[in-house]
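Please read the structure below before turning to the comments.
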Amino acid sequence: MGDMANNSVAYSSVKNAVKEANHGDFGVTLAELRSLMELRAADALHKIQECYGDVHGICTKLKTSPNEGLSGNPADIERREAVFGKNFIPPKKPKTFLQLVWEALQDVTLIILEIAAVVSLGLSFYQPPGGNESLCGSVNVGEEEEESEAGWIEGAAILLSVVCVVLVTAFNDWSKEKQFRGLQSRIEQEQKFTVIRGGQVIQIPVADIIVGDIAQVKYGDLLPADGILIQGNDLKIDESSLTGESDHVKKSLDRDPMLLSGTHVMEGSGRMVVTAVGVNSQTGIIFTLLGAGGDEEEKEKEKEKKEKKSKKQDGAVENRNKAKAQDGAAMEMQPLKSEDGGDGDEKDKKKANLPKKEKSVLQGKLTKLAVQIGKAGLLMSAITVIILVLYFVIDTFWVQKRPWLAECTPIYIQYFVKFFIIGVTVLVVAVPEGLPLAVTISLAYSVKPPEKEGGLPRHVGNKTECALLGLLLDLKRDYQDVRNEIPEEDLYKVYTFNSVRKSMSTVLKNSDGSFRIFSKGASEIVLKKCFKILSANGEPKVFRPRDRDDIVKTVIEPMASEGLRTICLAFRDFPAGEPEPEWDNENDIVTGLTCIAVVGIEDPVRPEVPDAIKKCQRAGITVRMVTGDNINTARAIALKCGILNPGEDFLCLEGKDFNRRIRNEKGEIEQERIDKIWPKLRVLARSSPTDKHTLVKGIIDSTVFDQRQVVAVTGDGTNDGPALKKADVGFAMGIAGTDVAKEASDIILTDDNFTSIVKAVMWGRNVYDSISKFLQFQLTVNVVAVIVAFTGACITQDSPLKAVQMLWVNLIMDTLASLALATEPPTEALLLRKPYGRNKPLISRTMMKNILGHAFYQLVVVFTLLFAGEKIFDIDSGRNAPLHAPPSEHYTIVFNTFVMMQLFNEINARKIHGERNVFEGIFNNAIFCSIVLGTFVVQIIIVQFGGKPFSCSELTIEQWLWSIFLGMGTLLWGQLISTIPTSRLKFLKEAGHGTQKEEIPEEELAEDVEEIDHAERELRRGQILWFRGLNRIQTQIRVVNAFRSSLYEGLEKPETRSSIHNFMTHPEFRIEDSEPHIPLIDDTDAEDDAPTKRNSSPPPSPNRNNNAVDSGIHLTTDKNKSATSSSPGSPLHSLETSL
């Protein structure tokens, strides 16, 4: 024993030594850093001063240099990751295939079928005693023994088909989840952040950031790790994601240097030393509590269970456990419980934060339609069962006057179970469980990003800055020398660019104690602050208002009318003798300037943009440009792009003029005034963030046209935020966009190209059409199958289509059809039609004509075969067959013809707008061709070899040819239907309208989550589990949420926290040589913009200038042109109000 004790002591001391050694390399431990990062403001400062002296002390202990950063040595990086962790939060474990199978088994209709099949299976083995079967009614006795013994086959076949359905559903869910996880991980890999390593400023993937890294933070960034500020300029952070406080927090070395992961930089720039990453960062800790580390939760629950057991066993232990629980476990569990068990609070929070944008138009329409179909199916199946039972009871006990014999009870129960199974199969066929799958597939298909066209830009920086640096190089001067002489940490004060200032200034302190301020910005704004100008030989001379007007007329306006963005460069000296100025009083500092020069920067329109804008206009989308540029520059660019066309009646306004026209005497905005302006407005120049937001809101709220406009906004700057959020669809730039803009947007354009918006419109319309195609096909099958099963059951006391056959039909029309019809690639033709309105029903009159027309043909064929088939084909009738009768050729022909009609009607369903050529482009969709072919092959196998389990009897070649001929008849019948003008069929109703605003009680607008729950309850009652799928999709598809207009109706896009980090810009400069920018899409302010710019700039090329220019493109649908066009539109640069 003694030896063992010594061993254990020795072992534990080794462990401790290892731990010590681990942290011994650094002067600070993980736990110390974690506790430090939990402090704020004064507390944090006090702790830093007390334990480390200052931030440089922390850098020393972390063995990093505030200026040079880490060496980047792989061994050092590995050691830091081992001690402090990686910058990675492990995602929740994906559900296993077995879990998905279990979920699929929860489907109510399947459960009912399983129970019925098991009962049927059990009863089929029961033999009534004494051979008096004839007394029990028309049970099939005369057949050979083996036939009556084969009664178990139907039950077994139903169970088998349920297993197939479950496996297919689980596999679809599994592949769907895999696809979205793949997409997410790719987005995460693309996220980069700027750090200093070995004295070089480089961009590294967010996941590679380690403790000790010196990271550069700038306007628009989403911080990927916790850190402490080393140097900052005018830094303001939005910490609402952690604290819920919407006010921006000013960060500085002497007030509050703590920077936390998951927060947004809304203004300024700086450098921080990274002190916590991954699960140890503040965001990581919250994620862990939310159960991203699901294992810990499990362990805790296990612990609790064990504790409960031991409580029962031993009173003494109970007290000890109570104490323990109070000290540790209970405390630890609390956050988990409040998350897990405290669902109520969570929901309330969600409600508060969920504006009514959460549920897309498309989703609303689908939910409503599915509930309606489900209710109808439930009603039909219930009536079917009731009629079958009543008919049997009346016929057996009333008409035939048979007594109820005890030994016959199991046989009667078998009849009732058979009727019940028929009823359930009617319900299975009626419920469109393939709908969520169709939505998911078409979305997943459209989310696949287009192939990259061209590489990423070589230099990354702010466009304006880079243009000016390019000018320096042309003047044969090297700016690097100046930077080496005056490094960033020597800058005395920086007034960063934002869209309110429309300029930026930097203060330098000279060796003699004097100060010099350099300023640059929008030329007309900076020139107003100039009182002197440098002459040709560099001498300052007086600069009067008259001189200013001359420069505007002779320099600025000619440049602007060529589409150049003009920027004024100026400076001011503060002599050494005077008291130091009050730097916070910016207006007194940035005045009395000396003008150095006015420069013009060209942001060329990309060659593909005019064509893309033309396509938008043809598709019913009005493109408006909202920019911070000078009105002449904006007009010139709008003409080049095709936003303005000669001879059109349009308006170009400046922000001031716009505000004057839309406000009354009291300065309040009036909707009526906006309504007079926006239909003709094409260019809004020198706009502020508020102007952009006002315009977007004004167009959305407008009642000038019958239907409300759908507005899309493109942008890439932080201050685009409010307009992007307000718009129905927000597009952010993937390359030039700030993280803030990306997070605020619905769709991220990975290539920053305006033509991608056209692609997005095309894909959005395609998703909507795919769902409509699927519905047209599905509802035709529904109507026919339900009516056939219902009337067949009522007239012949048996469904012509057996349970197993119905499940096969259900598989064809749900899973396989959704795969076939939802994967149709988009075509340019989609851009030739006007957009659908928000309230346009999913099922149009044309579609209703097709559904009812084809259903009529199919019903005529099926009923003819059902009631006269035996005469036509000269075979035995299959009607009124006894309980365990063998399959008949008659009913096999009915089943086979029915399936053939569905197969050919699937080709008809490819067109929903009344087109005649249903084969157009069919070979472009390999999935469609293979599914139709595959289904045909399987059908041959089922009919020829399915036998008793599928209730099929082999058919002759002649019977097969008749089945195929009658199936092909649907193609000819389709041509006949398309010749009937829909306008004549006024009596046809549309279906699948979105929920009207008036129908939703006000409190529910903010409670989309609740809304879904009501629907889900209703659906469960109505047994439509398909809805659960839709709900799942909801999370997966935020991408298309944007397309709320019918145009793009409601797709949702996957929300990835990381996408925010995808900000590829060097803090100070961003050049994208490879992609010249379109001012129109100028992201001028992206980098320097005001705090809430949500990036949604059109792809062309966002200019992120420090210039005072901000431009945006606003797309809205013109009601005149088309009822509701979904327009991506709003300022590219929505300079929005600062949040």
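The values are calculated or read from the model by the stated rules, or taken from the named source; none is laboratory data. All figures in this text were calculated on a predicted structure; none of them were measured in a lab. No Cβ is skipped: glycine too gets one built from the backbone with ideal geometry, and neighbour counts run over all protein chains shown. When the accessible area is computed, the model is the full protein with side chains, heavy atoms only, and any ligands, DNA or RNA have been set aside. Shrake-Rupley method; radii C 1.70, N 1.55, O 1.52, S 1.80 Å.
Among the listed residues Pro436, Pro432, which satisfies the condition of being part of a helix (DSSP H, G or I), at pLDDT below 75 and open to solvent by less than 20 Å² (accessible area, probe 1.4 Å)?
Sole residue among the options that is part of a helix (DSSP H, G or I), at pLDDT below 75 and open to solvent by less than 20 Å² (accessible area, probe 1.4 Å): Pro436.
Pick out the one residue from Ile89, Ile58, Ile48 that is farther than 21 Å from Gln231 by Cβ, aliphatic (A, V, I, L, M) and crowded, with 18+ Cβ neighbours inside 10 Å. It would help to see each step written out before you state the result.
Working: Ile58 fails: farther than 21 Å from Gln231 by Cβ; Ile48 fails: farther than 21 Å from Gln231 by Cβ.
After ruling out the rest, the residue left standing is Ile89.
Every residue in segment 239-252 that is in contact (Cβ under 8 Å) with a residue 24 or more places away in the chain, touching a strand residue (DSSP E or B) at 6+ places or on another chain (Cβ under 6 Å) and open to solvent by 40 Å² or more (accessible area, probe 1.4 Å), please.
Hit for segment 239-252 is His248, nothing else.
Mind checking whether some residue in segment 222-230 is open to solvent by 20 Å² or more (accessible area, probe 1.4 Å) and acidic (Asp, Glu)?
Initially, segment 222-230 is screened for residues open to solvent by 20 Å² or more (accessible area, probe 1.4 Å), giving none.
No, segment 222-230 has no match at all.
In segment 61-81, which residues are open to solvent by 80 Å² or more (accessible area, probe 1.4 Å) and either out of contact with any Asp or Glu (no Cβ under 9 Å at 6 or more places or on another chain) or closer than 26 Å to Gln184 by Cβ (or both)?
Hits for segment 61-81 are Glu68, Ser71, Pro74, Glu78.
I'd like to check which strands (runs of 3 or more DSSP E) are fully inside segment 461-560 and have at least 2 residues that are within 25 Å of Gln216 (Cα to Cα) and of a type in the set (Val, Ile, Thr).
Working: elements: 493-495, 503-509, 515-522, 530-534, 540-542.
Counting at least 2 such residues, we get 503-509.
In this structure, does Arg458 turn out to be open to solvent by 80 Å² or more (accessible area, probe 1.4 Å), at pLDDT 85 or above and part of a loop (DSSP other than H, G, I, E, B)? Please lay out each step first, then the result.
Numbers: open to solvent by 80 Å² or more (accessible area, probe 1.4 Å): yes; at pLDDT 85 or above: no; part of a loop (DSSP other than H, G, I, E, B): yes.
Here the answer is no, as Arg458 does not meet what is asked.
Using the structure shown, decide if Val767 is under 30 Å from Leu865 (Cα atoms), of a type in the set (Val, Ile, Thr) and open to solvent by less than 10 Å² (accessible area, probe 1.4 Å). Walk me through how you get there before you give the answer.
Numbers: under 30 Å from Leu865 (Cα atoms): no; of a type in the set (Val, Ile, Thr): yes; open to solvent by less than 10 Å² (accessible area, probe 1.4 Å): yes.
Spelling it out, it is not the case that Val767 is under 30 Å from Leu865 (Cα atoms), of a type in the set (Val, Ile, Thr) and open to solvent by less than 10 Å² (accessible area, probe 1.4 Å).
Of all residues being part of a helix (DSSP H, G or I) and open to solvent by less than 10 Å² (accessible area, probe 1.4 Å) in segment 726-743, which is modelled with the lowest pLDDT? Just the residue, please.
As a first pass, look at segment 726-743 and keep what is part of a helix (DSSP H, G or I): 726, 739-743.
Still in the running and open to solvent by less than 10 Å² (accessible area, probe 1.4 Å): 739, 741-742.
Details: Asp739: 75, Ala741: 80, Lys742: 79.
Filtering segment 726-743 for residues that are part of a helix (DSSP H, G or I) and open to solvent by less than 10 Å² (accessible area, probe 1.4 Å), the one modelled with the lowest pLDDT comes out as Asp739.
Please state which of the following conditions Lys834 fails to meet, knowing it meets all the rest: (1) under 30 Å from Ile757 (Cα atoms); (2) touching a helix residue (DSSP H, G or I) at 6+ places or on another chain (Cβ under 8 Å); (3) surrounded by fewer than 24 Cβ atoms within 10 Å (Cβ to Cβ); (4) not small (Gly, Ala, Ser).
If we test Lys834 against (1) under 30 Å from Ile757 (Cα atoms); (2) touching a helix residue (DSSP H, G or I) at 6+ places or on another chain (Cβ under 8 Å); (3) surrounded by fewer than 24 Cβ atoms within 10 Å (Cβ to Cβ); (4) not small (Gly, Ala, Ser), just (2) comes out false.
Select from segment 916-957 the residues that are in contact with a Ser or Thr (Cβ under 7 Å, 6 or more places away or on another chain) and either open to solvent by 70 Å² or more (accessible area, probe 1.4 Å) or over 16 Å from Thr823 (Cα atoms) (or both) and list them in ascending order.
Answer for segment 916-957, where residues must be in contact with a Ser or Thr (Cβ under 7 Å, 6 or more places away or on another chain) and either open to solvent by 70 Å² or more (accessible area, probe 1.4 Å) or over 16 Å from Thr823 (Cα atoms) (or both): Arg916, Val943, Cys952, Ser953, Leu955.
Six or more apart or on different chains, Cβ under 7 Å: which pairs go from a residue in segment 729-751 that's under 15 Å from Lys192 (Cα atoms) to one that's polar (S, T, N, Q) and not in a loop (DSSP other than H, G, I, E, B)? Could you list them?
Gly734/Asn1062; Lys742/Ser1059; Lys742/Asn1062
Exactly one of (1) assigned to a helix (DSSP H, G or I); (2) within 40 Å of the chain's Cα centre (by Cα); (3) buried (at least 16 other Cβ atoms within 10 Å of the Cβ); (4) at pLDDT below 85 is unmet by Ala116. Its number?
Ala116 satisfies all of (1) assigned to a helix (DSSP H, G or I); (2) within 40 Å of the chain's Cα centre (by Cα); (3) buried (at least 16 other Cβ atoms within 10 Å of the Cβ); (4) at pLDDT below 85 except (2).
Would you tally the residues in segment 525-542 being crowded, with 19+ Cβ neighbours inside 10 Å and touching a Ser or Thr at 6+ places or on another chain (Cβ under 8 Å)? First the steps, then the outcome.
We begin by selecting, within segment 525-542, every residue crowded, with 19+ Cβ neighbours inside 10 Å; these are 526-527, 530, 533.
Keeping just the survivors that are touching a Ser or Thr at 6+ places or on another chain (Cβ under 8 Å) gives 526, 530, 533.
Qualifying residue count for the region: 3.
Could you grab the pairs with beta carbons closer than 6 Å, sequence gap of 6+ or different chains, first residue in segment 601-627 and touching a residue at least 12 places away in the same chain (Cβ under 8 Å) and farther than 23 Å from Pro689 by Cα, second one among the aromatic types (Phe, Trp, Tyr) and buried (at least 18 other Cβ atoms within 10 Å of the Cβ)?
From segment 601-627, the pairs are Val609/Phe754; Ala612/Phe754.
Looking at this structure, is Ser511 open to solvent by 50 Å² or more (accessible area, probe 1.4 Å), polar (S, T, N, Q) and within 17 Å of Asp573 (Cα to Cα)? Show your work before the answer.
Numbers: open to solvent by 50 Å² or more (accessible area, probe 1.4 Å): yes; polar (S, T, N, Q): yes; within 17 Å of Asp573 (Cα to Cα): yes.
For Ser511, the condition - open to solvent by 50 Å² or more (accessible area, probe 1.4 Å), polar (S, T, N, Q) and within 17 Å of Asp573 (Cα to Cα) - is met.
A quick yes/no check of all residues on (1) assigned to a helix (DSSP H, G or I); (2) modelled with pLDDT of 85 or more; (3) open to solvent by 40 Å² or more (accessible area, probe 1.4 Å):
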site: Lys356; (1), (2), (3): no, no, yes
site: Ala370; (1), (2), (3): yes, no, no
site: Gly377; (1), (2), (3): yes, no, no
site: Ile383; (1), (2), (3): yes, yes, yes
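Results for (1) β-branched (Val, Ile, Thr); (2) within 20 Å of Ile757 (Cβ to Cβ); (3) touching a strand residue (DSSP E or B) at 6+ places or on another chain (Cβ under 9 Å), shown as yes or no for each residue.
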| site | (1), (2), (3) |
| --- | --- |
| Arg686 | no, no, yes |
| Asp691 | no, no, yes |
| Thr694 | yes, no, yes |
| Ser702 | no, no, no |
| Val711 | yes, yes, yes |
| Gly715 | no, yes, yes |
| Leu724 | no, yes, yes |
| Asp728 | no, yes, yes |
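Pairs, please: C-beta under 6 Å, at least 6 apart or cross-chain, first residue open to solvent by 50 Å² or more (accessible area, probe 1.4 Å) and in segment 547-564, second at pLDDT below 90 and not hydrophobic (A, V, I, L, M, F, W, C)?
Qualifying pairs under 6 Å: Glu557/Asn632; Ser561/Asn632.
Residue by residue, here is whether (1) touching a Lys or Arg at 6+ places or on another chain (Cβ under 8 Å); (2) within 25 Å of Ile631 (Cα to Cα); (3) not acidic (Asp, Glu) holds:
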| site | (1), (2), (3) |
| --- | --- |
| Lys532 | yes, no, yes |
| Asn537 | no, no, yes |
| Leu564 | no, yes, yes |
| Val590 | yes, yes, yes |
| Gly600 | yes, yes, yes |
| Asp603 | yes, yes, no |
